[in-house]
Amino acid sequence: MNAVQILTLTMLLAAGGSDQLLRSGKCPNPAVQANFDYLGKWFEIRKLPTTFQKGQCATADYSLKSPGVVGVFNRELLSALGTAKVKDPAEPAKLEVSFSDDVPPGPYWVLSTDYDSYTLIYGCTEYGLFHMELSWILSRKPTLPKETTEDLLSIFKRLNNDKKLKCKICEFCQ
């Protein structure tokens, strides 16, 4: 584990990282969406709790900046402007997202999307003997049919992290 990983892990634990999924072992390597290319506005439907995202009903706007580089504008309690970059052109659904030059980019993998109504995002970072998982279910509208949400949660269940997925139904977001 390098110094940046130790510092990041220490900060996560001190800031309430217990809300996040910090587990022993290595990150899983799930399959990702083929032929990924999605831009526009998405509403947060559900997420795993994070230390950096405290509010509800976040939105994310994705715009193409250049080939393999996506601009990210998240809105919640505060706004955040970032960049997501494709790490390997052969797997365009595996992006690395960064919101600050001071923090290493984090994995942002699109596991599944139909481009028109839902997308399922997953990220996992290893910290020596441990790893931390992040997950989001996003929708083009502030709500998502229960059946679709359940189908997406079944994918999380296969990753064995569905038990901590907190409900963030955003019916009042516009």
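Restricting attention to the range 100-113, the residues being in contact with a helix residue (DSSP H, G or I) (Cβ under 9 Å, 6 or more places away or on another chain) and not in a strand (DSSP E or B) number 2.
State all residues of the range 154-173 that are buried (at least 16 other Cβ atoms within 10 Å of the Cβ) and modelled with pLDDT of 85 or more; if no residue qualifies, say none. Correct list: Ile155 only.
Could you please find all residues in the range 54-99 being closer than 22 Å to Asn35 by Cα, part of a strand (DSSP E or B) and touching a residue at least 60 places away in the same chain (Cβ under 8 Å)? Ala60, Lys94, listed by residue number.
I'm trying to understand the selection: among the residues of the range 1-53, which are modelled with pLDDT of 50 or more, out of contact with any strand residue (DSSP E or B) (no Cβ under 8 Å at 6 or more places or on another chain) and either in a loop (DSSP other than H, G, I, E, B) or buried (at least 18 other Cβ atoms within 10 Å of the Cβ) (or both)? Listed by number, the residues that qualify are Asn2, Asn29, Ala34, Asn35, Asp37, Thr51, Phe52.
In the range 78-87 there is at least one residue that is within 21 Å of Asp116 (Cβ to Cβ) and out of contact with any Cys (no Cβ under 8 Å at 6 or more places or on another chain).
Residue pairs whose Cβ atoms lie under 7 Å apart, separated by 6 or more positions or on different chains, with the first residue in the range 133-154 and among the hydrophobic types (A, V, I, L, M, F, W, C) and the second in a helix (DSSP H, G or I), are Ile137/Thr149; Ile137/Leu152; Leu153/Asp162.
One residue stands out among those in the range 100-117 that are touching a residue at least 60 places away in the same chain (Cβ under 8 Å) and among the aromatic types (Phe, Trp, Tyr): the one that is nearest to Ser24 (Cα to Cα), which is Trp109. The set of residues from the range 122-152 being surrounded by fewer than 21 Cβ atoms within 10 Å (Cβ to Cβ), among the β-branched types (Val, Ile, Thr) and assigned to a strand (DSSP E or B) comprises just one member, Thr125.
The values are calculated or read from the model by the stated rules, or taken from the named source; none is laboratory data. Here the structure is a predicted model, which means the values were calculated and not measured. Please note: Cβ atoms are built from the backbone with ideal geometry, for glycine as well, and neighbour counts cover all protein chains shown.
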